[in-house]
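What follows is one structure encoded as structure tokens, with my remarks underneath.
The values are calculated or read from the model by the stated rules, or taken from the named source; none is laboratory data. Computed from a prediction, not measured in an experiment: that's the story for all the values here. Virtual Cβ from ideal backbone geometry, glycine too; neighbours counted across all protein chains shown. These accessible areas exclude ligands, DNA and RNA; they are computed on the full protein's heavy atoms, side chains included. Shrake-Rupley method; radii C 1.70, N 1.55, O 1.52, S 1.80 Å.
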Amino acid sequence: IPVFLGPCGGNSVERKIYIPLNRTAPCVRLLNATHQIGCQSSLSGDTGVIHVVEKEEDLEWALSKGPHPPYMVLLDGNLFSRSILMQLRGNSRISGLAVAAASPAPSQGFSPGLKCPNDGFGVYSEDYGPQFAHCNGSVWNPLGSGLSYEDFPFPIFLLEDANETQVIKECFRAHNVPREGAGPAFPLCAMQLQSHMHAAASTVTCMRRSSLQSAFSINPEIVCDPLLDYNVWSSLHPINSSGKVDPGQQLILAATRLDSRSFFWNVAPGAEGSVGAFAALLAAAEALQAAPGAGSLPRNVLFAFFQGETFDYIGSSRMVFDMEQEKFPLRLENIGAFLELGQVALRNDSVLWVHTDPVSRRNESVDSQVRKVVAALLRSGSGSGVSVREPGVSQPLPPSSFQRFLRSRPIPGAVLSDHRAAFRNRYFQSLYDTAENIGIRYPEGLTPEEQLEFVTDTAKALAEVGTLLARTLFVLAGGANGSESIRADPRTVTRLLYGFLINSNNSWFQSLIKPDLKGILGPPPQHSVAVSSPANTTQLVQLVLANLTGRRLNLSREECQNPGKTPGTQPEV
């Protein structure tokens, strides 16, 4: 997606006077069954005279006074708000917007997501807990502006390199600054943004256009791509993926999400939104697998990492569908309890809150099972470093994958989070939900390898969450004694946080990955659901989970590549 900067001029000298901007990220067009959201440019890109907006009063020149429209606005990241973007969207004098990332992150917080994330796709509706539908009484993301769900008629790009932003400002100051209230003289500094997309209207319309292209064109053009990826799952005890588990056999499902998003495509650090939780779940899986007696527990434990949850619970919806259609080794009836990690990296006073569903708990049998889950959490919190509490008021579940399962069956379960009500995350689904947001700090002068191994306070806190979860799973799976000795390793957590938030191209990840896949490693990792499946996050979590919980076998390369032909090494899920 090209972005160019240069003075206004003819096409004949374009190559000589335009400067490409290389570190940018576009806002892209997305579709659902009824609407389109996001941004796009015209076919050949949109061009406008650059106007720098560093305070709100600077907008007036581009919106009404300036004599040389259309204008391409360079907006300070601290001004990137709903009120300003709505002004720009409704003005024909604006041809595009470039946003300079704020550094440090806006102190007032910033979330382009919804106040009620995934509204309409969870369990609460007019038919189920209508008093809780549409986050009635529980605004989970109060800072949510909903910008990511608006439709903009012009391109919007993020400028990720401060040096490139400075080049644009210098060009503006040299050519475009108004002189004593009058318009500047030519030549003027301009910018072109190109992010054209053929998709339009809705998913239904776009799929129909694609099918027509395939039917009547020799060289069909794909006009829309699905969000496509994989869930990652594993189990404490082996499950035969080709067979079916007895309907009477109960297991515990421990889950979290893998993905995040922001206003700009593939800029999704998701430190609090997803990474903290899946790092804690991976550490819990490692601790439980290594626990004495874990191999003989009466109940199995399934670890599930759902991909695409940001977009209407894609991953959990797929697992529920596969279970209902008997395309998964387990059925919904096999789930005896469900434990989910929500946002857990911003605990206050070491407290985690246990959220349960008040509607399903009206059933005495379900309520009894939920009480056992909560009791196991409270018991396991002792000595783990985590204080487990219930909200103490009747409130719905926060946005969570568990809601998607409850739509199909009243399963006893709970969601653990660092917030009692509204999110503590002030940068939910934004580019500022980074390592800094969850307090990751490294001493000055450390090499990358030393940073990988340095156990941060955040890693210690999330390891405590992993310890709590592993002990609780041990108890719920039927473990009678010994849960107190289970402890998640802070060194594992600190490696995971470094790898998924700072630099995935590190020695630990390099040791887990096949040489032909090393191209997916590099800084900084992002955690968007994929279009060309699978996402880097999906592949890395799969490899890390296998490394932390798998059995190391002494096999030759040929035996490893063909495990089915080697006695005693049948593939396990």
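Observations
- Contact map, the range 425-438: residues that are in the same structural domain as residue 523 (by the TED database) and closer than 13 Å to residue 268 by Cα paired with residues that are of a type in the set (D, E, K, R) and part of a loop (DSSP other than H, G, I, E, B), Cβ distance under 6 Å, separation 6+ or inter-chain. Pairs shown: 427/433; 429/261.
- Summed over the range 120-132, the residues that are more than 16 Å from residue 312 (Cβ to Cβ) and exposed (fewer than 15 other Cβ atoms within 10 Å of the Cβ) give a count of 4.
- Among the residues listed as 258, 288, the single one being over 19 Å from residue 116 (Cα atoms) and over 19 Å from the mean Cα position of the chain (by Cα): 288
- For the range 503-520, filtering for residues that are under 27 Å from residue 313 (Cα atoms) and either crowded, with 19+ Cβ neighbours inside 10 Å or of a type in the set (Ser, Thr, Tyr) (or both) leaves 1.
- Some residue of the range 233-242 being free of Cβ contacts under 8 Å to residues at least 40 places away in the same chain and of a type in the set (Phe, Trp, Tyr): no
- Checking 311, 264 one by one, the residue that is open to solvent by less than 10 Å² (accessible area, probe 1.4 Å) and in a loop (DSSP other than H, G, I, E, B) is 264 and no other.
- Checked across the range 289-307, the condition of being within 19 Å of residue 332 (Cβ to Cβ) and open to solvent by 40 Å² or more (accessible area, probe 1.4 Å) holds for at least one residue.
- Of the numbered criteria (1) assigned to a helix (DSSP H, G or I); (2) surrounded by fewer than 22 Cβ atoms within 10 Å (Cβ to Cβ), the one residue 279 fails is (2).
- Any hit, the range 437-446, residues being in contact with a Ser or Thr (Cβ under 6 Å, 6 or more places away or on another chain), among the β-branched types (Val, Ile, Thr) and not in a helix (DSSP H, G or I): yes
- Taken together, 359, 370, 386, 366 contain a single residue that is at pLDDT 95 or above, in contact with a strand residue (DSSP E or B) (Cβ under 6 Å, 6 or more places away or on another chain) and hydrophobic (A, V, I, L, M, F, W, C), which is 386.
- Candidate set: the range 491-507, residues that are part of a helix (DSSP H, G or I) and without any contact (Cβ under 8 Å) to a residue 60 or more places away in the chain; chosen: the one farthest from residue 442 (Cα to Cα): 507
- Considering only residues in the range 198-248 that are more than 30 Å from residue 284 (Cβ to Cβ), of a type in the set (Gly, Ala, Ser) and out of contact with any Pro (no Cβ under 7 Å at 6 or more places or on another chain), the one that is surrounded by the most Cβ atoms within 10 Å (Cβ to Cβ) turns out to be 199.
- For residue 424, the test of being touching a helix residue (DSSP H, G or I) at 6+ places or on another chain (Cβ under 9 Å), open to solvent by 50 Å² or more (accessible area, probe 1.4 Å) and under 30 Å from residue 159 (Cβ atoms) is passed.
Okay, residues lined up against (1) assigned to a loop (DSSP other than H, G, I, E, B); (2) open to solvent by less than 20 Å² (accessible area, probe 1.4 Å):
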{"residue": "134", "(1), (2)": "no, no"}
{"residue": "137", "(1), (2)": "yes, no"}
{"residue": "164", "(1), (2)": "no, no"}
{"residue": "173", "(1), (2)": "no, no"}
{"residue": "184", "(1), (2)": "yes, yes"}
{"residue": "187", "(1), (2)": "yes, no"}
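- Some residue of the range 467-487 being within 25 Å of residue 536 (Cα to Cα) and open to solvent by less than 10 Å² (accessible area, probe 1.4 Å): no
- Lone unmet requirement of (1) open to solvent by less than 10 Å² (accessible area, probe 1.4 Å); (2) hydrophobic (A, V, I, L, M, F, W, C); (3) not in a helix (DSSP H, G or I) for residue 455: (1)
- Matching residues in the range 392-406 - criterion: being open to solvent by 40 Å² or more (accessible area, probe 1.4 Å) and closer than 16 Å to residue 135 by Cα: 393, 394
- Output for the range 322-373, where each listed residue is surrounded by fewer than 23 Cβ atoms within 10 Å (Cβ to Cβ), out of contact with any Ser or Thr (no Cβ under 7 Å at 6 or more places or on another chain) and of a type in the set (A, V, I, L, M): 323, 330, 335, 346, 354, 359, 373
- Any strands (runs of 3 or more DSSP E) falling wholly within the range 42-106 and containing at least 2 residues that are crowded, with 19+ Cβ neighbours inside 10 Å, touching a His at 6+ places or on another chain (Cβ under 7 Å) and without any contact (Cβ under 8 Å) to a residue 60 or more places away in the chain: 71-76
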